[in-house]
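Data block below; observations after.
The values are calculated or read from the model by the stated rules, or taken from the named source; none is laboratory data. Here the structure is a predicted model, which is why all the values come from computation and not from measurement. Note: ideal-geometry Cβ built from the backbone for every residue, glycine included; neighbour counts use all protein chains shown. For accessibility, only protein heavy atoms count, side chains too; no ligands or nucleic acids. Shrake-Rupley method; radii C 1.70, N 1.55, O 1.52, S 1.80 Å.
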Amino acid sequence: MTTTPAPNPTTTATTTPATTTTPTAGVTPTPHTNTTSANTTHTDTADTATNTTRTGTTGTSTTHTDTTTGASTASATGTTTATTTGATTADNTTTAATATNTATTGTGTGTAVAAGTNTAGTITPDTATATGTATGTATATATGTAGARQDTTATTSAGDLAVRHLKVAVIGAGISGLGTAINLLKAGIDDFLVFERADDIGGTWRDNTYPGCACDVQAHLYSFSFARNPDWKSTFATQNEVHTYLRDCAKRYGVEPHLRHNHELHNATWDDTHQHWNIHTTHGHYTAQILVTGTGYLSDPHTPDIPGLDTFTGTVFHSSRWRHDHDLTGRTTAVIGTGASAIQFVPAIQPHTTRLHLYQRTPPWIAAKPDKPNTPRHTWMLRHLPGYQHLRRNLNKHGREIVAFFMSRPTRTTGMKNMAAGHLKKSVPDPTLRKLLTPDYTVGCKRLLFSNTWYPAIQQPNVDIITDTITHIGPTHITTADGTRRHTDTIILATGFNATDRPIAHLIHGQHGTTLADTWNHHGMTAHRGTTIHGFPNLFMLLGPNTTLGHSSQTVMIEAQITYILAAIKTLDTHHLTSVNVHPHAQTTYNHTLQNRLKNTVWNTGGCHSWYTDNHGNNPSIWPTYTWRYRQQTHTFDLTNYQTTTHTNHTP
């Protein structure tokens with residue numbers, strides 16, 4: 001198979017990746033200068049400048065985008081009009097004659113789209129000289145919020161659209177996406193962008209801002225192994241601490257110039273002819289050799305299908321989209337769900353509500369949370385003793401592996417059950433209520449939760465625990481199966497996420513135009529090494545199928561996958577390959593082994609229905625054994641399990 005690197009098969013073109021210059025703090029950025037035969041000079045003071053050059057059949061046209069946070073000043077001898085009012089709009093026309101200049105100065109932050117036409121002469125990124133008759137027209141429009149950028153596109157007179165080509169495109173700027181970006185830079189790869197649909201980074205730690213939100217994995221283990229933080233305030237970090245930590249990582253490792261905020265993915269389609277991904281976002285079209293998804297499985301909230309929910313006239317919101325503008329004081333509030341989010345925010349809101357109706361479908365197993373503040377002495381040791389934080393992290397990581405052994409068989413979970421049951425008995429003295437709060441499934445079948453405040457909160461006199469099924473929701477009330485109608489002002493949905501029907505799978509189209517969602521619907525939600533899927537070349541999915549942990553920290557799995565992806569990129573470059581596509585037999589064999597391991601585990605035979613399983617009873621979520629086994633499998637790239645493509649041939 002022969003591949004043509006040009007984006008348009010009818011036009012021979014060479015695309016040079018854009019370069020981004022970020023000024024050092026306190027240093028004025030170097031102005032760029034465009035010089036024509038009319039001696040036109042344009043000077044911008046900008047935080048970031050992006051130049052993209054494309055050579056087409058009629059010459060070379062260049063688009064230049066300035067993302068300006070601060071004032072932008074334009075001065076020219078030529079014809080230049082610049083108007084800045086929040087967003088920036090600039091129109092520039094240059095001929096060989098001398099013209100006048102009108103300029104205004106303002107501030108603008110946002111994204112930019114530019115189009116240019118060049119019929120004669122050559123324009124280079126920073127200096128342009130036009131000879132003969134040259135007419136160029138450029139329009140730039142900047143709109144959006146702070147930090148949003150759009151890479152420019154340019155059209156030559158032949159109509160050839162110049163789309164920025166990347167080596168790697170990363171979707172999502174949560175833990176997975178940021179970890180990938182940092183490690184790409186550490187590996188010397190800077191030809192990449194991270195597309196984020198929101199105006200900030202952080203993923204689930206940006207979105208989940210409900211009261212009491214915190215991590216249930218020790219902070220030392222939940223953070224990156226290569227970016228340790230000695231300043232955690234306690235054993236388990238709060239939402240704000242984790243979010244701040246991720247922002248710091250992006251800044252510390254130089255990821256920010258590669259971020260594209262407010263770029264929601266519309267679709268990504270594999271082009272088998274040109275051997276790249278066509279990526280369409282809300283702010284532009286890109287191509288990339290490699291596509292990495294870092295959207296995770298806890299990013300899109302699940303709304304339950306309850307009759308009449310859409311008729312409710314009060315306030316309804318999901319816990320991951322918390323309405324901080326909605327005061328619960330004096331209200332009757334209904335909470336639907338008793339999972340990991342509810343056990344954190346219910347204790348926080350209970351004192352403020354007049355009445356709290358807690359609708360419990362299945363009670364969770366809950367153990368005491370061994371959380372305590374870090375002392376000044378402990379913080380000093382973390383900061384100043386070489387290897388101490390590394391030791392603490394590894395002790396926690398390896399110590400948690402024993403839990404995987406317990407969960408490999410329901411009969412091995414007796415100790416864990418006794419621990420959780422003891423916490424329940426100690427916290428709830430009323431035997432009738434205690435029975436209502438005791439799960440009827442094996443501990444670990446659903447995620448074991450940790451809280452010291454849940455049981456005290458739900459025993460308060462203003463809390464009603466309702467176990468009857470909700471049959472209907474009306475404009476002002478909720479009706480349960482026993483016929484009881486309860487007046488409600490506010491409904492909070494603590495109903496989890498779409499973990500086994502991932503929205504991004506509907507946006508990714510493989511070799512034959514089939515979406516990833518359709519592929520999984522027909523063949524099951526599977527992936528090789530939890531990362532690659534047959535029919536989707538050069539697609540690498542972080543936290544893909546069967547990478548969820550029920551016993552340890554997801555950062556361990558994420559870092560293992562990033563190692564695998566970097567090894568794959570190195571293999572592509574070393575062997576001069578354009579793409580790798582996992583053999584269907586390798587993917588099937590890998591997942592057959594996984595499902596055999598899952599068969600007798602607590603996750604499959606523990607007597608519960610959890611978000612780990614899909615509607616067909618399959619478990620496409622859990623990694624069923626020790627994390628060291630997964631790290632061992634992903635330490636190198638197993639090229640023999642892949643079909644490969646070069647510019648001149650295809651290996652089956």
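Worth a mention:
- C-alpha center-to-center spacing [the stretch 542-602, the stretch 310-342] in angstrom: 38
- For the peptides 548-556, 448-456, residues were scored by their other Cβ atoms within 10 Å and the scores averaged per peptide; the highest-first order is 548-556, 448-456.
- Furthest towards positive pole of dipole, F226, A250, F236, structure part the stretch 184-273, Cβ charges: F236
- Summed residue charge, Cβ within 15 Å of L436's Cβ, Lys/Arg positive, Asp/Glu negative: -1
- C-alpha center-to-center spacing [the stretch 495-522, the stretch 267-286] in angstrom: 17
- Annotation: peptides 323-330, 203-210, ranked by per-residue average of other Cβ atoms within 10 Å with the highest first, follow the order 203-210, 323-330.
- Evaluated over the Cα positions of the stretch 290-405, the convex hull gives a direction-averaged projected area, one quarter of its surface, of 13.6 nm².
- D272 accessible area, 1.4 Å probe, all protein chains in place, Å² to nearest 10: 60
- Report note on the peptides 613-621, 374-382, 215-223: ranked by the mean count of other C-beta atoms within 10 Å, highest first, their order is 215-223, 613-621, 374-382.
- Length gained on full extension, N596 to D482: 36.9 nm, using 0.36 nm per residue less the C-alpha separation.
- In the context of the full protein assembly, I175 retains an accessible surface of approximately 20 Å², using a probe radius of 1.4 Å and ignoring ligands and nucleic acids.
- Net +/- balance of residues flanking H243 in space, Cβ distance below 11 Å, scoring K and R +1, D and E -1: -2
- Over the stretch 287-411, accessible surface divided per residue gives 47 Å², non-protein components excluded, 1.4 Å probe.
- Candidate lysines for bridging to K417, where Cα separation is under 16 Å - those fewer than 8 sequence places away on the same chain excluded: K369, K425, K426, K435, K446
- Order of exposure, largest accessible area first, which applies to Y642, Y388 with probe 1.4 Å: Y388, Y642
- Around G399: net Lys/Arg minus Asp/Glu count, Cβ-Cβ under 11 Å: +3
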